[in-house]
Amino acid sequence: MKSFRKELWFETDKRRDFINITPDVEDCLKESGIKEGLLLCNPMHITSSIFINDDESGLHKDFELWLEKLAPEKPYSQYNHNGYEDNADAHLKRTVMGREVVVAVTGGKLDFGRWEQIFYGEFDGKRKKRVLVKIIGE
Ligand code: ZN
């Protein structure tokens, strides 16, 4: 069995953003040479998410509005976590959107459904953050 590990770095200009990282993940898969197996992708931070969904701008605005209703960024004082930090909302948003994705690798490709794409969801950005890609198989 082969094993491949790589870290990808992302830095958003905004506090919150969604980035389609599917091409970066596909590059990792190519580099790994693995044709059959499983690919795991997760942020190495607790205020960002990796999730799979549609690359459609309306949906991304819907996610932003929905997450702001669930866990509004402000007022910062509404959260127990905020004191030295102001990112309680980002921890909550990340939990809703999930930590990681696992994708089947078949014939050297990500074995996706028609509209599936991998996204990096940033909820406390403006700094460099790492995403882990781990692939096992043969
Ligand atoms: Zn925090």
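The values are calculated or read from the model by the stated rules, or taken from the named source; none is laboratory data. These figures come from a predicted structure and were not determined experimentally. Cβ coordinates were reconstructed from backbone atoms using ideal geometry, including for glycine residues, and neighbour counts include every protein chain displayed. Side chains are part of the model used for accessible areas, which takes the heavy atoms of the whole protein and leaves out ligands, DNA and RNA. Shrake-Rupley method; radii C 1.70, N 1.55, O 1.52, S 1.80 Å.
Counting the residues of segment 1-45 that are open to solvent by 20 Å² or more (accessible area, probe 1.4 Å) and assigned to a loop (DSSP other than H, G, I, E, B) gives 11.
Specify which of the listed residues (Lys128, Lys93) is within 16 Å of the ligand (Cβ to nearest atom) and either under 30 Å from Ser3 (Cβ atoms) or surrounded by 15 or more Cβ atoms within 10 Å (Cβ to Cβ) (or both).
Details: Lys128 fails: within 16 Å of the ligand (Cβ to nearest atom).
Just a single option satisfies the conditions, and that option is Lys93.
Looking only at residues in segment 96-117 that are farther than 22 Å from Ser57 by Cα and in contact with a helix residue (DSSP H, G or I) (Cβ under 9 Å, 6 or more places away or on another chain), the one that is nearest to the ligand (Cβ to nearest atom) is Val103. Go through (1) within 25 Å of Val133 (Cβ to Cβ); (2) away from the ligand (no atom under 16 Å from the Cβ); (3) not in a loop (DSSP other than H, G, I, E, B) one by one and return the number of the condition Gly58 breaks. Looking at each condition in turn, Gly58 falls short on (1).
Please determine whether any residue of segment 66-78 is of a type in the set (D, E, K, R) and within 14 Å of Tyr120 (Cα to Cα). For segment 66-78, residues of a type in the set (D, E, K, R) and within 14 Å of Tyr120 (Cα to Cα): absent. The residues in segment 46-55 that are touching a strand residue (DSSP E or B) at 6+ places or on another chain (Cβ under 6 Å), away from the ligand (no atom under 16 Å from the Cβ), not β-branched (Val, Ile, Thr) and not in a loop (DSSP other than H, G, I, E, B) can be counted, and the count is 1.
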